[in-house]
Protein chains: 2
Amino acid sequence: MEKKRNAFEMNIAAIKLMIEQDGLVPGDRIPSERELAERLAISRPSVREALRTLAYLGIIETRHGGGSFLLNRDDHTYIQIIAQFLVTGDSKFEDLAGTLRLLEQSAFNQMTDHTILEEHVGSDAAFRETIISTVKNDLFERIWRQVNAFYQSFGQGELYTRAEREALLKRS
Amino acid sequence: MEKKRNAFEMNIAAIKLMIEQDGLVPGDRIPSERELAERLAISRPSVREALRTLAYLGIIETRHGGGSFLLNRDDHTYIQIIAQFLVTGDSKFEDLAGTLRLLEQSAFNQMTDHTILEEHVGSDAAFRETIISTVKNDLFERIWRQVNAFYQSFGQGELYTRAEREALLKRS
DNA sequence: AGGTGGTAATGGTCAGACCAATTACCCCTT
DNA sequence: AAGGGGTAATTGGTCTGACCATTACCACCT
């Protein structure tokens with residue numbers, strides 16, 4: 001008997017259920033706030049609290065005067081949200097570079113053919129991007145991309161020098 | 001010049017900033033909705049929309065009549081939220097295990113002394129936890145912990161068999 | 001000092017209003 | 001009939017105020 005839960009979470013679940021039952025697909029418009037309030041028998045402020053959360057998570061997009069629309073899964077931003085809260089803690093900046101090195105090293109080690117990196121040895125960004133892309137793991141890639149974005153936001157330059165990149169290739 | 005952003009997201013950022021500036025730590029009570037509305041010069045409904053989102057993400061916890069409290073980072077529930085939305089689609093669950101393996105492999109490779117792992121070879125969880133802890137990188141450890149929590153939420157068992165763990169040690 | 005009750009503070013929810021932006025529609029012109 | 005323009009309706013954005021439910025606080029009584 002734990003169906004109590006917060007009414008707020010129930011509202012989110014109800015909206016998601018309604019979206020599913022109505023057979024809405026990404027790009028479709030969901031009912032207006034006033035219509036949702038009526039169908040769910042709750043007030044518009046309550047509907048808005050749920051919709052704002054869904055919008056923050058990237059599930060939907062709201063356009064002033066236009067309505068709310070279901071977004072594609074690729075547009076979902078919860079990964080960014082997680083990273084945002086992960087990084088804004090007391091983690092030190094040098095952790096960023098260290099984490100990037102660890103991620104890229106593990107990706108590099110699992111590569112079977114390193115020759116495709118030779119053409120990118122001149123560019124730090126392309127070199128590292130190529131390494132990550134060979135993993136063929138979407139979650140891993142998104143994590144790396146987020147950490148890298150934070151690293152870049154600090155205005156840092158290259159993570160490796162050209163000599164380091166060449167040494168990596170020579171060693172393999 | 002893209003500081004426009006949604007007022008809603010600015011409110012969330014403002015609340016997070018206020019929490020930081022006030023030096024609040026997990027467990028502390030944050031100002032009441034009415035006080036927040038006054039300090040941020042916005043209405044209570046707007047404050048609530050932001051607070052409900054933070055509560056849904058597990059950043060804060062609200063108690064009816066009691067107030068809102070800052071939660072521990074470990075209590076954050078965005079992992080469950082992601083799972084909730086991700087699991088309904090063509091979720092690539094295997095990405096989880098793959099990402100964990102990559103993270104732990106990179107951590108393992110940069111260890112200089114593998115002997116401390118011998119006493120934990122009997123426990124998959126302790127074995128992997130020990131590997132990660134040797135990195136001494138807070139951000140890396142938090143990322144791994146989140147991904148691992150996500151993996152555990154699927155009710156999965158051991159990531160490696162005992163034989164695999166022993167083979168790892170023997171090879172080093 | 002300990003328990004107890006009342007009161008204040010706080011979150012939960014709602015109704016209604018008004019503004020801003022967009023969309024839909026109808027009418028007019030050509 | 002087709003196109004364009006302008007107005008009305010729709011929809012999200014925000015606020016005010018109110019009331020209830022729950023909790024926290026504190027003075028009071030025993």
Are any residues in region B:8-50 within 22 Å of residue B:65 (Cβ to Cβ) and within 13 Å of another protein chain (Cβ to nearest Cβ), and if so, which ones?
B:15, B:19, B:26, B:33, B:43, B:44, B:45, B:46, B:47, B:48, B:49, B:50
With the checklist (1) surrounded by 15 or more Cβ atoms within 10 Å (Cβ to Cβ); (2) within 9 Å of DNA strand C (Cβ to nearest atom) in hand, flag the one item residue B:32 doesn't pass.
(1)
Would you please name the residue that is farthest from DNA strand D (Cβ to nearest atom), looking only at residues in region B:60-73 that are within 21 Å of residue B:145 (Cα to Cα) and touching a residue at least 40 places away in the same chain (Cβ under 8 Å)?
B:73
Filter result (surrounded by 15 or more Cβ atoms within 10 Å (Cβ to Cβ), out of contact with any helix residue (DSSP H, G or I) (no Cβ under 6 Å at 6 or more places or on another chain) and under 13 Å from residue B:36 (Cα atoms)) within region B:10-26
B:16, B:18, B:19
Kindly indicate which of B:37, B:41, B:14 is within 15 Å of DNA strand D (Cβ to nearest atom) and at positive phi.
B:41
Listed by range, helices (runs of 4 or more DSSP H) wholly within region B:72-171 having at least 1 residues that are away from chain A (no Cβ under 12 Å) and either at pLDDT 85 or above or under 19 Å from the mean Cα position of the chain (by Cα) (or both) are B:124-133, B:138-153, B:162-171
Does region B:115-137 hold any residues that are without any contact (Cβ under 8 Å) to a residue 24 or more places away in the chain and either more than 23 Å from residue B:72 (Cβ to Cβ) or in contact with a Lys or Arg (Cβ under 7 Å, 6 or more places away or on another chain) (or both), and which are they?
B:115, B:116, B:119, B:120, B:123
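The values are calculated or read from the model by the stated rules, or taken from the named source; none is laboratory data. None of these values were measured; they are calculated from a predicted model. Cβ atoms come from the backbone with ideal geometry, glycine included; neighbour counts cover every protein chain shown.
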